[in-house]
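> Questions regarding the structure given below will be posed in turn.
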Amino acid sequence: MKVLKFGGTSVGSVENMRAVMQLITDGNQKIVVLSAMSGTTNSLVEIANYLKKKNKDAARQVINQLEQKYYKVVNDLYTTEEKKEKGKTVVFSIFQTIKSFTSGEFNEVGENAIIAQGELLSTALFAELMLENGYKTVYLPALDFMKIDSDKAADAHFISENIAKVLQENEVADYYITQGFICRNATGDIDNLQRGGSDYSATLIGAAIDSEEVEIWTDIDGFHNNDPRFVENTKKIDQLSFDEAAELAYFGAKILHPQTVLPAKLQNIPVRLKNTMNPSDEGTLITAESSSHGIKAVAAKDGITAIKIRSYRMLNAYGFLKNIFEIFEFFKTPIDMISTSEVAVSLTIDNTKHLKEIVSELKEYGEVEVDYDLTIACIVGEMIAEETGFAAKVFAALKDIPIRMISYGGSRHNISVLVKTDLKKQTLQALSNDLLNSK
Ligand code: ADP
Ligand code: ASP
Ligand code: MG
């Protein structure tokens with residue numbers, strides 16, 4: 001059974017929801033994972049932010065606007081009075097839940113519960129649309145099987161056991177509709193897989209049911225060789241390996257949530273990226289093999305902070321790096337890039353929640369310098385960090401851009417450079433002109 005995920009734009013209007021229904025109803029049994037309608041999660045985050053700041057009036061205003069939008073969706077989506085009534089009941093009940101958080105104390109549990117309502121809305125409304133049109137459809141609540149542990153990592157064992165149970169408990173159907181993004185956490189409260197997490201839900205579900213293929217349907221014809229939001233003339237890539245796609249997703253290619261590839265890679269499940277607006281295009285296929293050598297694509301990850309630690313005594317000082325890494329481990333802060341010299345080490349992080357504490361502990365081992373507002377540009381392709389010539393090409397392309405750090409050889413398919421964020425566009429365009437579009 002395939003798993004098909006549709007993103008926010010794909011279900012972002014009544015017309016698009018109808019297009020998705022046409023697309024999936026080919027008689028083949030499938031699990032369909034939906035995001036919230038585009039814009040909804042942002043509005044829900046806005047509501048939660050107002051409530052955190054105790055600005056209840058502003059929160060209520062956004063809630064009311066959003067609620068009205070959904071009544072209009074319901075009115076346009078269904079043809080029968082019966083379904084319009086059913087749709088209104090769904091919207092009313094979900095907005096009652098959201099409104100219940102505007103009184104009393106507001107905490108993270110409430111915040112996560114509010115942010116989850118977008119996917120609950122889109123899936124409930126879409127499942128009713130499928131039923132209205134006579135398709136054998138079952139609604140699967142993701143909160144019954146999708147789970148993260150106390151480290152916020154997906155609990156693959158729980159997910160596969162419980163999705164099997166949920167599928168068994170429900171009637172056999174052609175189309176199973178479920179939510180992306182949302183899950184329960186170790187304490188059983190509603191939580192999520194971080195922004196853009198519906199892609200990750202799809203591959204987690206795909207792995208749990210040992211799916212033949214996971215399809216990620218979005219608003220572009222596949223994985224492009226550079227970020228189309230910043231660079232002109234980007235081109236679609238027909239095929240990527242799991243490793244290449246994982247590097248690109250991790251280093252900022254927004255088309256895939258950073259962790260999407262891992263569950264698919266572990267179980268060797270092909271992932272295909274497709275365009276909902278242009279379904280006949282083959283899209284991009286991600287599999288174990290890489291189809292060709294050489295540089296394939298570039299991605300960029302913003303919000304990077306670099307920390308340089310100049311040792312008080314690094315020469316021959318074994319244990320120095322261990323001491324440093326232990327500090328990051330203690331504060332559960334992942335390190336992205338690392339670069340060493342005889343007396344100093346530079347590394348980057350994107351999670352600055354514990355930066356203050358980390359810096360204060362690092363000072364025990366050396367002088368510490370912190371640089372903010374940096375971007376990692378990541379160049380990806382098979383064998384590019386092993387064979388001759390690729391590094392030279394990258395540095396030639398970046399000859400006019402000051403580079404703060406370089407990472408080469410960590411894997412054979414990634415070269416990363418750290419630059420100031422205000423040089424990001426220039427960096428991506430230079431790499432595009434000289435490396436990707438030069439032939
Ligand atoms: P969805 O809501 O369907 O999950 P997203 O907005 O999360 O869609 O992801 C698709 C968008 O990702 C594209 O519209 C595009 O602007 C952006 N994007 C960034 N980098 C790339 C890339 N390398 N290839 C394709 N799209 C990219
Ligand atoms: N709706 C969520 C978001 O906007 C998840 C997703 O779209 O993948 O982040
Ligand atoms: Mg997305």
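> Once phi is turned into θ = phi - 60°, what whole-Hz ³J(HN,Hα) does the Karplus curve with 6.51, -1.76 and 1.60 give for every residue of segment 355-372, x standing for Gly and Pro?
Per residue, the Karplus-derived 3J(HN,Hα) values read 4, 4, 5, 4, 4, 5, 6, 5, 4, 5, 9, x, 6, 10, 10, 10, 10, 9 Hz.
> May I pose another question? Under 10 Å, Cα contacts only: if you run a Gaussian network model on the chain, which one of Thr178, Thr260, Thr333 comes out with the highest mean-square fluctuation?
Of Thr178, Thr260, Thr333, the most mobile in the Gaussian network model is Thr333.
> Among Ile94, Ala58, Ile255, pick out the residue whose Cα is farthest towards the positive end of the charge dipole of the chain, where Lys and Arg carry +1 and Asp and Glu carry -1 on C-beta, about the Cα centre.
Of the candidates, Ala58 comes out farthest on the positive side.
> Hey, which of these cross-link pairs are over 25 Å Cα-Cα: Lys301/Lys332; Lys69/Lys425; Lys235/Lys425; Lys5/Lys425? The partial results should precede the final answer.
Values: Lys301/Lys332 20 Å; Lys69/Lys425 36 Å; Lys235/Lys425 17 Å; Lys5/Lys425 30 Å.
Result: Lys69/Lys425; Lys5/Lys425 exceed 25 Å.
> Please list, by residue number, every one of the GluC sites (Glu not before Pro) in segment 35-119 that is coil in DSSP and has at most 15 other beta-carbon atoms within 10 Å. Present the calculation step by step, with values, prior to reporting the outcome.
On the way: sites: Glu46, Glu67, Glu81, Glu82, Glu85, Glu105, Glu108, Glu111, Glu119; in loops: Glu105.
Sparse-neighbourhood loop GluC sites (Glu not before Pro): Glu105.
> Hey, another quick one. Residue by residue through segment 110-119, which ³J(HN,Hα) values in whole Hz follow from phi under the Karplus form 6.51 cos²θ - 1.76 cosθ + 1.60 (θ = phi - 60°), with glycine and proline marked x?
In residue order, the calculated couplings are x, 4, 5, 5, 5, 5, 7, 5, x, 6 Hz.
> Normalised by the number of residues in the chain, what is the relative contact order in percent for Cα pairs under 8 Å and 6+ residues apart? Display every interim value, and only then the final one.
Details: 885 pairs, mean separation 58.9, N = 439.
Reported relative contact order: 13 percent.
> Just need the relative contact order of segment 1-134 here, percent rounded to a whole number, with Cα pairs under 8 Å and 6+ apart.
Numbers: 142 pairs, mean separation 39.8, N = 134.
Value for segment 1-134: 30 percent.
> Which residue, Ala264, Ala186, Ala142, has the most motion in a Gaussian network model of the chain that connects Cα atoms within less than 10 Å?
Judging by the Gaussian network model, the answer is Ala186.
> Can you give me the long-range amide H partners of Thr218? Hydrogens built in the peptide plane at 1.01 Å from N, cutoff under 5 Å, separation of 5 or more residues or another chain.
Lys274, Asn275, Thr276
> Determine ³J(HN,Hα), in whole Hz, for all residues of segment 237-252 in sequence, where each value follows from phi through the Karplus function 6.51 cos²θ - 1.76 cosθ + 1.60 and θ = phi - 60°; x replaces Gly and Pro.
3J(HN,Hα) across segment 237-252, in whole Hz: 9, 6, 9, 9, 7, 3, 5, 5, 5, 5, 4, 5, 5, 5, 9, x.
> Could you give the dipole magnitude of segment 1-131 about its Cα centre, charging the beta-carbon of Lys and Arg +1 and that of Asp and Glu -1, in debye to the nearest 20? Can you show the working numbers first?
Details: 16 positive and 14 negative charges, 25 e Å.
Approximately 120 debye in magnitude.
> So if I place +1 on the C-beta of Lys and Arg and -1 on the C-beta of Asp and Glu, and nothing else carries charge, what would the dipole magnitude of the chain be about its Cα centre? I want it in debye, nearest 20.
Numbers: 47 positive and 60 negative charges, 195 e Å.
Result for the chain is approximately 940 debye, rounded to the nearest 20.
> Still on this structure: Treating only the Cβ atoms of Lys and Arg (+1) and Asp and Glu (-1) as charged, compute the dipole magnitude of segment 77-122 about its Cα centre; round to the nearest 20 debye.
Rounded to the nearest 20 debye, it is 260 debye.
> Just going by the charge dipole of segment 363-439, with Lys and Arg at +1 and Asp and Glu at -1 on Cβ, which of Leu431, Ile401, Ser411 is farthest out on the positive end?
My answer, from the dipole projection, is Leu431.
> Let me ask something additional. Which residues' amide hydrogens lie under 5 Å from the amide hydrogen of Gly294, considering only partners 5 or more residues apart or on another chain, with H built in the peptide plane?
Amide H to amide H, under 5 Å and 5 or more residues apart or across chains, Gly294 pairs with Glu382, Ile384.
> Here's something else I'd like to know. Using helices alone, what [θ] at 222 nm do you get for the chain, with -39,500 (n - 2.57) per DSSP H run of 4 or more residues, divided over all residues and rounded to the nearest 500? Provide the component values of the computation, followed by the final result.
Numbers: 14 runs with 165 residues, N = 439.
Result for the chain, helices only: -11500 deg cm²/dmol.
> Then there is this: How much net charge surrounds Lys83 when only other residues with a Cβ under 13 Å from its Cβ are counted (Lys, Arg +1; Asp, Glu -1)? Can you show the working numbers first?
Numbers: positive: Lys84, Lys86, Lys88; negative: Asp76, Glu81, Glu82, Glu85, Glu128, Glu132.
Spelling it out: positives minus negatives among the neighbours equals -3.
> Moving to a separate point now. For a quick check: with amide H placed at 1.01 Å from N, whose amide H comes under 5 Å from Gly12's, ignoring anything fewer than 5 positions away on the same chain?
Ser38
> Beyond a 18 Å Cα-Cα separation, which of these cross-linked pairs lie in this structure: Lys265/Lys424; Lys147/Lys353; Lys83/Lys136; Lys296/Lys393? Could you put the intermediate results ahead of the total?
Details: Lys265/Lys424 30 Å; Lys147/Lys353 24 Å; Lys83/Lys136 16 Å; Lys296/Lys393 13 Å.
Result: Lys265/Lys424; Lys147/Lys353 exceed 18 Å.
> Which of Ser100, Ser346 comes first, and how do the rest follow, when ranked by fewest Cβ neighbours within 10 Å? Don't jump to the answer; show the numbers that get you there.
On the way: Ser100 12, Ser346 19.
The order, fewest Cβ neighbours first, is Ser100, Ser346.
Just so you know, all these numbers are worked out from the coordinates, no wet-lab data involved. Quick caveat, the model's predicted, so the values are computed rather than measured. A quick note on method: Cβ atoms are made from the backbone with ideal geometry, for glycine too, and the neighbour counts reach across all protein chains shown.
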